[in-house]
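Report on the following structure.
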Amino acid sequence: MNADGSLLPPQASVPPISPSTGLPHAYRPSHREGMVNAAANFHVGSTPTTWTPQETSSENLQAENFYAEAPWKDSLDMAYSKYNPQPCSGQVGFHKLPPNNYPFFQEEEKYVPIIQADGGVLSDWKPMYDPTPEQADIDRKIAFETGVPHGFVKQSDKYKDDPTIKLLVRSLLHTNDEYGTTVDLKTGKHSGGPFWVEVSPKMRIDDLRVVIKKASGLMPGIMRLNYAGKDFEDPQRTLEQYGVRFWNEKFPDWAIIIRRV
């Protein structure tokens, strides 16, 4: 407000224009400048917007009726499912990843998180080992007799009888002389660049990193993988849960990418 009581001072602050770009120079207005500009643009006492009865009765403005009749009026309830237990959160499971219950996915490809009674979300999508006392005794006896801990499966036997797909692997983090399937017998150095691996679609991302390491010499700890624009942030999900099997059938040359960042 000016000394004379007026709300619209004649010297409202305007950012200077750059003659080279034609755009306003970057500046940080002071509190007073902000008040002045607000007063200049929003006149006190101006007439508010009004709607005539004819306008409000038009179809374009009857939003309540439109959404009441729309099939998605209860979209939050419709979105809730075992695949998406937290609608509108953008997260399914332990990692912040959206649901993947696409209609063109097979049932086993759709990720179903495990929610515990207290609301906690498990990092794995398979139920935890929770046997009855009788079953636990049987499992301990078998483990003692065989010398193999219950639940242990050798890496080579995890996907032994599963069908496989061929995937091209390419690194954006290395040159072709730094990774590949060609091995120098004297130095053990890998080279050759992009290469193919044959793996099960049910393979977990953690296990895929091991396969890539054995083939190319790259360490699993630096593998940030991507396929078809999706980052493999959850190491416990499978390739098919990330849509690799589905898209590989249509685009077999699409590569698993080792990202820079």
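The values are calculated or read from the model by the stated rules, or taken from the named source; none is laboratory data. This one's a predicted model, so the numbers in the text were calculated from it and none came from an experiment. A quick note on method: Cβ atoms are made from the backbone with ideal geometry, for glycine too, and the neighbour counts reach across all protein chains shown.
General observations
- Summed over the stretch 145-163, the residues that are exposed (fewer than 10 other Cβ atoms within 10 Å of the Cβ) and among the polar types (S, T, N, Q) give a count of 1.
- Against the conditions (1) touching a residue at least 24 places away in the same chain (Cβ under 8 Å); (2) closer than 28 Å to ASP124 by Cα; (3) in contact with a strand residue (DSSP E or B) (Cβ under 7 Å, 6 or more places away or on another chain), GLY180 satisfies every one except (2).
- Qualifying residue in the stretch 243-254 (condition: out of contact with any Leu (no Cβ under 9 Å at 6 or more places or on another chain), at pLDDT below 95 and of a type in the set (S, T, N, Q)): no
- Residue check, LEU185 farther than 17 Å from ILE222 by Cα, surrounded by 13 or more Cβ atoms within 10 Å (Cβ to Cβ) and not aromatic (Phe, Trp, Tyr): no
To keep it simple, each residue is scored yes or no on (1) at pLDDT 85 or above; (2) loosely packed, with under 12 Cβ neighbours inside 10 Å; (3) over 17 Å from the mean Cα position of the chain (by Cα); (4) of a type in the set (A, V, I, L, M, F, W, C).
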site: ASN84; (1), (2), (3), (4): yes, no, no, no
site: PRO87; (1), (2), (3), (4): no, no, no, no
site: GLY90; (1), (2), (3), (4): no, yes, no, no
site: LEU97; (1), (2), (3), (4): yes, no, no, yes
site: ASN100; (1), (2), (3), (4): yes, no, no, no
site: PRO103; (1), (2), (3), (4): yes, yes, yes, no
site: GLU109; (1), (2), (3), (4): yes, no, no, no
site: PRO113; (1), (2), (3), (4): yes, no, no, no
site: ASP118; (1), (2), (3), (4): no, yes, yes, no
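- VAL169 satisfies every condition listed in (1) within 21 Å of the chain's Cα centre (by Cα); (2) over 26 Å from GLN106 (Cβ atoms); (3) surrounded by 15 or more Cβ atoms within 10 Å (Cβ to Cβ); (4) not hydroxyl-bearing (Ser, Thr, Tyr) except (2).
- Tally, over the stretch 129-149, of residues that are touching a residue at least 12 places away in the same chain (Cβ under 8 Å) and either in the same structural domain as SER200 (by TED's automatic domain parsing) or among the aliphatic types (A, V, I, L, M) (or both): 0
- Residues being within 17 Å of SER200 (Cα to Cα) and either part of a strand (DSSP E or B) or not β-branched (Val, Ile, Thr) (or both) - total across the stretch 227-249: 16
- You will find that of LEU122, LEU172, LEU167, the residue that is more than 26 Å from VAL197 (Cβ to Cβ) and touching a residue at least 12 places away in the same chain (Cβ under 8 Å) is LEU122 and no other.
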